[in-house]
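The next block holds one structure in the form of structure tokens; read it before the comments.
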Amino acid sequence: MSKAVLQKLQATFGAAILETHSQFGDDTAVVEPSHWLAIATFLRDDPACAFEMMSDLCGVDRLDVTPRFEVVIHLNSLSKGHRIRLKTRVGDEDGEGAQVASLVGLWKTANWLEREAFDMFGITFQTHPDLRRILMYPEFVGYPLRKDYPAEKTQPLVAYRTEEEAGVPLDKQAPFGPHEGMSFARNDFTKRAEDAN
Amino acid sequence: MNAPLKSVTLDGNQNGFATTKLDALLGWARKWSLFKYPFVTACCGMEFMALTSPRFDGTARFGAEAPRFSPRQSDLLWVVGTISQRQAPVLKRIYEQMMEPKWVLGFGTCASSGGFYDNYTTVAGIDKIIPCDVYVPGCPPRPEAVIDGLMLLQDKIATGDRTPRIVKPRFDPAQGHQEQLVQLRTKGVIDGGAK
Amino acid sequence: MESLDLELDEGHLELPAEPMRLMMGPSHPAMHGTVRCIVDLSGETILKVDVQIGYLHRGFEKMCERGTWAQVFPYVDRLNYVSPMLNNVGYALAVEKMCGIVVPDRCQWYRMVLGELARISDHLTCDGAMAMELGAFTPYLWLIKAREMIWDVLEEETGARLTHSFGRIGGMAKPPTAQFKSLVRHSVSSVLRIVDESEKMLLKNRIFIDRLENVGLISAADAISLAWTGPILRATGVAYDIRKTQPYLKYDEVDFDVPVGTKGDTLDRFLVRLAEIRQSARIIEQCLVRMADEGPVNVDDPRVMLPEKESVYGTIEGTIQHFKLIMEGAKVPKGEVYSYTEAGNGELGFYLVSDGSGTPARVRIRPPAFTNTSGLSQLLEGRMISDIVPIFGSINMIGGECDH
Ligand code: SF4
């Protein structure tokens, strides 16, 4: 249904549309980052497109491919009942120079979604009014959803307890022995109290 | 009530009588008047709601109903749900603000060990930050398990034991309890629910 | 707060009007433990709010990139933990869209019934919690009791009260049990009774109405620009429900209404949820009538379905197939898909990227609660501090989903 939109985009922007495809019924256009804002504005304002809602914005890390990141938005038109996916590709192998225009002026929801993409991938949205981390804490170094960020690498804000403080071996704090802590082993406690007396 | 209140006979030069007795009495009093601070963050909170509401009524029956949202007025910290690295300082601060004596109950696998979120943002168990008295595993634990945990904690309070304890299933299929399980299932919920 | 020792003229009774900065949360009873609001107050009026989320960020998307496609199910359960079944179904549909699988009719009806049950439990929890936060404890207890009845059915079907992990790529983990229909009918009718009672109790309560009406108003255009979906968008009068506009499963074959509000205030959001409970009950009844008692639930597709246990233990092909599916995971064709369903809070989208292997290259969830919460600060600004509680409650922010 939104094939028409793709054709219209190609007719209007020509070479700025790098490729289009309609896999699994989702119509997709990959566009030049420099035309990102212009194309998005067109899609929102053109009466035949009328994408009033930006459902989603996210980043994708395609490690080892340059440009490395994709910024993907999914647009939804309530009045026309069609949807489209718009993508652009930014950033070099090290994730440097990943910059694209911000869409906050078009859809309010872009505010948080772009902050999230910035937080997770380090993609910078120029002219975003308030670009700071949203899910991670400000002290966090690195971008967790990049494929080269190790999944288990934590950056604790408070120091973990040491063994002296805890008084028990730290990796074996919970008593996992066969007889300990069974719900019916509560008898042990009573017994111990009796023994002590 | 089977609190270990025992009269003890002492001979002349022993002077431990009063303290023993007072400790036991205090323990008994404390275990029936726990003021909880629910530190509810995640999915386990849904079970926590179920626990405190009519069907299970799992806290009022044990004198642990009244929630206090000020840490200074509470003595039992329920850590319900995943603790992320970002949340950790908050949890620690709240624990430190609580008055002695204080106890901590780790509700759910995430609070106990981090659960299956073994990644950059999750604290692998609250015991990395604060001491924990009773661990209730389960994702989320059934209210029955939590009630077991609460009773376990009461016993710990009564005896003054501070070693961490874990709640284990009463019927463990691996240990030959299948029969009880089958009985429970056939006579219990199914007909009861449909009536 | 600044100290008050400013130099004041005698007789000049103006008090210093420094805005006061108040930190609410993250450990605050009304903040559900996972949100922090930094509120700038002038007296009791909110000048500016900074809503900070992320206290429950659990790295969902990162975790998904480490397992197989099927291992994502437990994680989606714990995103929206008030209605896990809808997430299960949503994710299953997304992967099936990629694999080109359509599940058998019986399974589609089954998924719809379970999904609508989950929706009921979601709305019960949301409305109940909202009432409780406003001091109406009895309806909360009643609604939670009703939710308990829904959970009984789900437990009977799936074996878990809350986190079912019941969806599978190409079907469900188990076929419906023999008493499924009677259990559902029985519990839904009791739930409706309780809902009626609670509604009477709440809506005749002057205090409750006063605290909700005309609080947190938002226009339809703003709501759309904020990408609000679900009950809170419908409360502004936009009849947008994915089950109607882009039907999936068999929603085009059942008859139901889309309740909408008129003003987009907190009361509307509350009422839309209540009305949706009744619509869900209608859908469930129709599904039960049309769902066959016999027939396959899972697709017969060795690419994604585990073989029968008998053949796993009895035949070498079965063993190999089982081993490959478990160890390597079902292979999903290369490409990308965005699949969306109507979850308890709105449009639940999954944007999946596959590189053709058994492990997802990217699982992106579009959580309704995230976009919904992003509109919170707009609703709060200019209101009184006591309005935070009902407004926040009516947004139904679910930490797991909002913070991923
Ligand atoms: S233990 Fe399970 S249910 Fe509880 S918070 Fe963790 S993931 Fe959620």
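The values are calculated or read from the model by the stated rules, or taken from the named source; none is laboratory data. Just so it is clear, the model here is predicted, and its values are computed rather than measured. As a convention, Cβ positions derive from the backbone with ideal geometry for all residues, glycine included, and neighbour counts pool all protein chains shown.
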Practice item. Among the numbered conditions (1) within 14 Å of chain A (Cβ to nearest Cβ); (2) farther than 24 Å from C:SER339 by Cα, tell me where C:ALA275 comes up short. Key: (1)
Study note, to complete from the structure: (1) crowded, with 19+ Cβ neighbours inside 10 Å; (2) out of contact with any His (no Cβ under 7 Å at 6 or more places or on another chain); (3) more than 24 Å from B:VAL123 (Cβ to Cβ); (4) within 14 Å of chain C (Cβ to nearest Cβ) all hold for A:VAL90 apart from (4)
**Study point:** Residue check, A:LEU43 more than 11 Å from chain C (Cβ to nearest Cβ), over 20 Å from the mean Cα position of the chain (by Cα), at pLDDT below 85 and buried (at least 19 other Cβ atoms within 10 Å of the Cβ)
**Key:** no
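Taking the stated definitions as given, is C:ALA94 under 30 Å from C:ASP387 (Cβ atoms) and in a helix (DSSP H, G or I)? Walk me through how you get there before you give the answer.
Working: under 30 Å from C:ASP387 (Cβ atoms): no; in a helix (DSSP H, G or I): yes.
No, not satisfied.
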Point to revise | Count of residues meeting criterion [in contact with a Cys (Cβ under 8 Å, 6 or more places away or on another chain) and among the hydrophobic types (A, V, I, L, M, F, W, C)] in region C:300-351 | key: 3
Exercise for review: Mind listing whichever residues of region A:46-65 are outside any strand (DSSP E or B) and touching a strand residue (DSSP E or B) at 6+ places or on another chain (Cβ under 9 Å)?
Suggested key: A:CYS49, A:PHE51, A:GLU52, A:ARG62, A:VAL65
Exercise for review: Take region B:134-168 and flag every residue that is more than 10 Å from the chain's Cα centre (by Cα), away from the ligand (no atom under 16 Å from the Cβ) and more than 8 Å from chain A (Cβ to nearest Cβ).
Suggested key: B:ILE157, B:GLY160, B:ARG162
Revision key, fill the gap. C:PRO74 fails exactly one of (1) more than 10 Å from every other protein chain (Cβ to nearest Cβ); (2) over 16 Å from C:TYR248 (Cβ atoms), namely (1)
Check your understanding: Do we have C:LEU114 as within 14 Å of chain B (Cβ to nearest Cβ), modelled with pLDDT of 90 or more, more than 16 Å from the ligand (Cβ to nearest atom) and part of a helix (DSSP H, G or I) here?
Key -> no
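Test B:TRP32 against the criterion of being among the hydrophobic types (A, V, I, L, M, F, W, C) and touching a strand residue (DSSP E or B) at 6+ places or on another chain (Cβ under 9 Å), and give yes or no.
Working: among the hydrophobic types (A, V, I, L, M, F, W, C): yes; touching a strand residue (DSSP E or B) at 6+ places or on another chain (Cβ under 9 Å): no.
Taking the combined requirement at face value, the residue does not satisfy it.
For region C:58-71, name all the residues that are within 9 Å of chain B (Cβ to nearest Cβ), part of a helix (DSSP H, G or I) and either within 14 Å of C:ALA92 (Cα to Cα) or under 20 Å from the mean Cα position of the chain (by Cα) (or both).
C:PHE60
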Check your understanding: Restricting the search to region C:18-48, which residues are assigned to a strand (DSSP E or B) and either under 26 Å from B:VAL80 (Cβ atoms) or acidic (Asp, Glu) (or both)?
Key -> C:LEU22, C:MET23, C:MET24, C:ARG36, C:CYS37, C:ILE38, C:VAL39, C:ASP40
Exercise for review: Please verify whether region A:66-89 includes one or more residues that are free of Cβ contacts under 8 Å to residues at least 24 places away in the same chain, assigned to a loop (DSSP other than H, G, I, E, B) and among the charged types (D, E, K, R).
Suggested key: no
Exercise for review: State the number of residues belonging to region C:130-147 that are facing chain B (nearest Cβ under 8 Å) and surrounded by fewer than 21 Cβ atoms within 10 Å (Cβ to Cβ).
Suggested key: 2
Point to revise | Segments classed as helices (runs of 4 or more DSSP H), wholly inside region C:233-351, with at least 3 members that are within 25 Å of C:GLY100 (Cβ to Cβ) | key: C:242-245, C:316-327
Study note, to complete from the structure: Restricting attention to region C:311-332, the residues that are surrounded by fewer than 14 Cβ atoms within 10 Å (Cβ to Cβ) and in contact with a helix residue (DSSP H, G or I) (Cβ under 8 Å, 6 or more places away or on another chain) number exactly 2
Revision key, fill the gap. Given (1) buried (at least 24 other Cβ atoms within 10 Å of the Cβ); (2) more than 23 Å from C:VAL82 (Cβ to Cβ); (3) modelled with pLDDT under 90, C:GLY358 misses just (1)
Exercise for review: Test B:LEU5 against the stated conditions and say whether it is at pLDDT 90 or above, touching a helix residue (DSSP H, G or I) at 6+ places or on another chain (Cβ under 9 Å) and within 13 Å of another protein chain (Cβ to nearest Cβ).
Suggested key: no
Practice item. Report, by residue number, each residue of region C:166-201 that is surrounded by fewer than 22 Cβ atoms within 10 Å (Cβ to Cβ), under 30 Å from C:VAL332 (Cβ atoms) and among the small types (Gly, Ala, Ser). Key: C:ALA173
Check your understanding: Just a yes or no: is a residue in region B:101-122 within 16 Å of the ligand (Cβ to nearest atom), of a type in the set (Gly, Ala, Ser) and touching a Phe, Trp or Tyr at 6+ places or on another chain (Cβ under 7 Å)?
Key -> yes
Review point. When you look at C:THR158, is it hydroxyl-bearing (Ser, Thr, Tyr), within 14 Å of another protein chain (Cβ to nearest Cβ) and either in contact with a His (Cβ under 6 Å, 6 or more places away or on another chain) or closer than 22 Å to C:LEU86 by Cα (or both), yes or no?
Key: yes
Check your understanding: Take the residues of region B:66-100 that are within 13 Å of chain A (Cβ to nearest Cβ) and of a type in the set (S, T, N, Q): which is farthest from the ligand (Cβ to nearest atom)?
Key -> B:GLN85
Revision key, fill the gap. Reported set for region C:224-260 where residues are closer than 25 Å to C:LEU202 by Cα and either crowded, with 23+ Cβ neighbours inside 10 Å or within 14 Å of another protein chain (Cβ to nearest Cβ) (or both) is C:GLY230, C:PRO231, C:ILE232, C:LEU233, C:ARG234, C:ALA235, C:THR236, C:GLY237, C:VAL258, C:VAL260
Exercise for review: Return yes or no: is C:ARG383 touching a residue at least 60 places away in the same chain (Cβ under 8 Å) and basic (Lys, Arg)?
Suggested key: yes
Review point. For region C:97-129, how many residues meet the condition of being more than 26 Å from C:VAL289 (Cα to Cα) and either in contact with an Asp or Glu (Cβ under 6 Å, 6 or more places away or on another chain) or buried (at least 19 other Cβ atoms within 10 Å of the Cβ) (or both)?
Key: 8
Review point. Can you pull out the residues in region A:138-153 that are under 15 Å from the mean Cα position of the chain (by Cα) and either over 15 Å from A:ASP94 (Cα atoms) or free of Cβ contacts under 8 Å to residues at least 24 places away in the same chain (or both)?
Key: A:GLY142, A:TYR149, A:ALA151
Study note, to complete from the structure: Those residues of region B:69-81 that are surrounded by 15 or more Cβ atoms within 10 Å (Cβ to Cβ) and over 16 Å from the mean Cα position of the chain (by Cα) come to a total of 1
